[in-house]
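Student: Got a structure here, written out as structure tokens. Questions coming.
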Amino acid sequence: MDRRLNEVVFRGDVRAIKKLIEEDENIVKQTIEGSLHTILHLAARFGHVELVKMIVKLFPEMTSAENGDLETPLHEACKEGRLEIVRILLENDPWVAYKTNMWDKSVLYVACERGRIDVVKHLLNNVQMLLMLEVDMFTTSLHAAASSGHTEVMKELVKVRPDFASKNDLNGCSPLHIACSKGHLDITRELLKLDMDLSALQDNEDRTPLHWAVIKGRVNIVAEILSVSLESSEMITKHGETVLHLAVKNNHFEVLKFLMESLNVSNLMNIQDTDGNTILHLATVRKLTTMVIYLLKLGVEVNALNQKGYTALDVVEADASNSGALAIIPALQKAGAKRCDQLPPSLQDIQQVVSPNLGSWPRKISTTTSTFQSPSSSQHSYYHHQRKHNNNNYRATRRKKIELQSEGLRNARKTITVVAVLIATVTFAAGVNPPGGFNQGSGKALLGKKAAFKVFLVCNIVALFLSLGIVNVLVSVIPFKRRSMMKLMVATHKVMWISTFFMASAYIAAIWSILPQGKGVNWVLIEVVVIGGGCTMVVFLSLGILLVRQWKRKTDWRKRRDDKKMKEESPKSNISRVEEMKVVKKESREGSSNSDVDSSDQGYHLY
């Protein structure tokens with residue numbers, strides 16, 4: 001657009017515009033580069049009424065001109081609330097009111113979006129069929145007003161089309177869903193006055209307006225909805241989530257506390273979602289300490305199992321390194337929480353096993369055949385199924401322990417690699433920069449002839465190349481079986497201890513070589529040896545005690561397992577005693593790789 005034309009339109013100078021048009025009538029066809037705004041678009045935006053009148057009178061076809069977004073000058077006037085210009089444009093071309101932009105937004109929609117109440121009233125009163133454009137659309141002007149929080153606009157719309165209050169957009173959200181999500185209390189209140197049943201509408205994920213208020217943490221909206229309809233508090237989403245689940249999942253403690261204090265949540269507190277998670281599961285997995293402690297005080301079920309068979313204590317212990325777990329684990333244990341492997345078979349599981357047998361007793365009686373099943377046989381069947389159920393629980397728990405052990409071994413492998421690299425780095429640096437330094441002329445070590453320096457050099461070299469060997473082995477050998485991983489860890493762990501021992505010896509020798517030598521006893525050297533060696537021996541002794549205890553636990557566990565197997569097999573087996581012992585020995589050998597897992601309840605084992 002010509003610069004002069006742009007300036008006079010911005011000022012609204014009608015006389016200057018007429019002069020430019022007299023010079024070149026085609027100048028009015030110019031548009032702004034990019035947006036494609038005409039001079040009528042600009043005049044409508046800036047509110048120059050006289051200029052709009054002049055342009056419409058001289059060039060009436062420009063009323064329907066479209067810019068780059070397919071918007072007419074009427075769209076600009078409605079956005080900015082220029083009521084007088086809206087009247088002028090509609091009088092010139094009433095049909096322009098039915099044009100929509102490239103996002104299918106009508107002039108009424110953009111006016112509602114900006115909260116231009118005067119323009120909205122004028123359009124509703126003078127363009128009777130305007131709302132009919134939105135009947136087949138998903139998003140209506142009422143959605144726009146609810147999203148932007150324009151209460152007066154919303155009231156005018158529902159006077160004309162109250163049915164739009166229950167109309168859903170592409171996500172299945174009604175205007176009440178949007179108002180609750182945005183936190184617009186007045187609009188929420190007005191819509192609920194219009195129809196209380198709107199609180200029960202569900203979107204594509206089965207979320208109600210109350211669910212959205214909880215998700216966004218709108219306590220005032222939650223209170224307003226519950227004051228009108230308590231039924232919506234018991235509705236669940238497509239994923240089985242209650243309002244309590246959503247409050248915990250989105251970390252809105254104030255909302256959770258309000259719901260707990262306002263509702264009778266005894267029937268909601270322990271409900272599980274589609275993954276079997278209770279609100280306590282969700283709070284512990286997110287390490288929400290305050291929320292967990294609050295739920296425990298209210299008496300929430302602490303040992304509920306989710307679909308993976310985990311309790312809340314299992315969930316938080318899976319990532320116990322997090323600082324939040326330090327407070328959560330003791331609180332759970334104090335409330336009586338247990339791990340899944342510590343729980344007895346639930347009554348529900350027993351009933352599922354017993355009820356088919358108990359219910360079948362009357363149907364087992366026949367007058368033609370003696371096929372009556374006695375209670376003793378049914379009890380035997382029950383105990384058989386119960387034992388099978390217990391075995392399944394044991395296998396699941398054991399599988400979980402083995403997974404945790406495997407993960408621990410992988411972490412140990414990474415740790416050993418890092419430690420070996422650090423040892424190699426330290427010893428390499430000590431080798432190229434030995435104690436005492438070099439002779440600047442010859443480049444020889446100044447302390448090279450001392451016995452202590454030679455001890456340092458040997459220990460440093462051994463520590464360097466042992467650590468390099470550990471690194472090469474760990475990055476070259478990739479075991480894919482747990483037993484192979486265990487063997488590799490045992491071997492590299494022992495070599496790493498040797499490497500650290502030689503590194504410590506090299507340090508003591510280096511201190512020895514640089515200390516001044518006198519005729520008397522070198523007490524500094526003795527102190528270094530005593531302190532360094534003493535610390536090392538304390539660590540070795542502590543680990544040795546733990547290792548002996550573990551060996552004893554493994555031995556006792558194997559003995560109990562073998563005795564149990566022999567007792568179970570002896571009444572039923574017809575094989576000889578020698579063959580039976582062979583079987584027990586073979587099974588013991590096959591299960592030995594898991595003995596660390598099965599025999600230890602400490603959460604760790606040594607290697």
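Residues are listed down the side, and each one gets a yes or a no for (1) of a type outside the set (S, T, N, Q); (2) loosely packed, with under 11 Cβ neighbours inside 10 Å; (3) at pLDDT 75 or above; (4) not in a helix (DSSP H, G or I):
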{"residue": "R395", "(1), (2), (3), (4)": "yes, yes, no, no"}
{"residue": "Q405", "(1), (2), (3), (4)": "no, no, no, no"}
{"residue": "T425", "(1), (2), (3), (4)": "no, no, yes, no"}
{"residue": "A430", "(1), (2), (3), (4)": "yes, no, yes, no"}
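Student: Going by the conditions given, is L40 surrounded by 15 or more Cβ atoms within 10 Å (Cβ to Cβ), farther than 21 Å from L83 by Cβ, at pLDDT 85 or above and in the same structural domain as L90 (by TED's automatic domain parsing)?
Tutor: The answer is no for L40.
Student: Of all residues being part of a loop (DSSP other than H, G, I, E, B) and exposed (fewer than 12 other Cβ atoms within 10 Å of the Cβ) in the stretch 323-357, which is modelled with the highest pLDDT? Just the residue, please.
Tutor: Out of the qualifying residues, it is G336.
Student: Out of A506, A491, A451, A510, which single residue is in contact with a Pro (Cβ under 7 Å, 6 or more places away or on another chain) and at pLDDT 80 or above?
Tutor: The match here is A510.
Student: Can you name the number of the only condition in (1) crowded, with 16+ Cβ neighbours inside 10 Å; (2) in a loop (DSSP other than H, G, I, E, B) that D104 fails?
Tutor: With respect to (1) crowded, with 16+ Cβ neighbours inside 10 Å; (2) in a loop (DSSP other than H, G, I, E, B), D104 is out only on (1).
Student: Within the stretch 271-279, identify whether any single residue is at pLDDT 90 or above, of a type outside the set (S, T, N, Q) and in a helix (DSSP H, G or I), and answer yes or no.
Tutor: There is at least one residue in the stretch 271-279 that is at pLDDT 90 or above, of a type outside the set (S, T, N, Q) and in a helix (DSSP H, G or I).
Student: Report those helices (runs of 4 or more DSSP H) wholly inside the stretch 1-72 carrying at least 3 residues which are of a type outside the set (S, T, N, Q), in contact with a helix residue (DSSP H, G or I) (Cβ under 8 Å, 6 or more places away or on another chain) and closer than 20 Å to T100 by Cα.
Tutor: It comes to 39-46.
Student: Additional query: State whether the residues of the stretch 108-115 include one that is assigned by TED's automatic domain parsing to the domain that holds L20, modelled with pLDDT of 90 or more, part of a loop (DSSP other than H, G, I, E, B) and more than 41 Å from the chain's Cα centre (by Cα).
Tutor: no
Student: Quick test for you: out of T500, T492, pick the one residue that is touching a Leu at 6+ places or on another chain (Cβ under 7 Å), in a helix (DSSP H, G or I), touching a residue at least 12 places away in the same chain (Cβ under 8 Å) and within 29 Å of R413 (Cβ to Cβ).
Tutor: Sole residue among the options that is touching a Leu at 6+ places or on another chain (Cβ under 7 Å), in a helix (DSSP H, G or I), touching a residue at least 12 places away in the same chain (Cβ under 8 Å) and within 29 Å of R413 (Cβ to Cβ): T492.
Student: How about the stretch 437-477: which of its residues are surrounded by 15 or more Cβ atoms within 10 Å (Cβ to Cβ) and assigned to a loop (DSSP other than H, G, I, E, B)?
Tutor: L446, L447, K450
The values are calculated or read from the model by the stated rules, or taken from the named source; none is laboratory data. Everything quoted here is computed from the prediction, not taken from an experiment. Glycine gets a Cβ as well: all are built from the backbone with ideal geometry, and neighbour counts include every protein chain shown.
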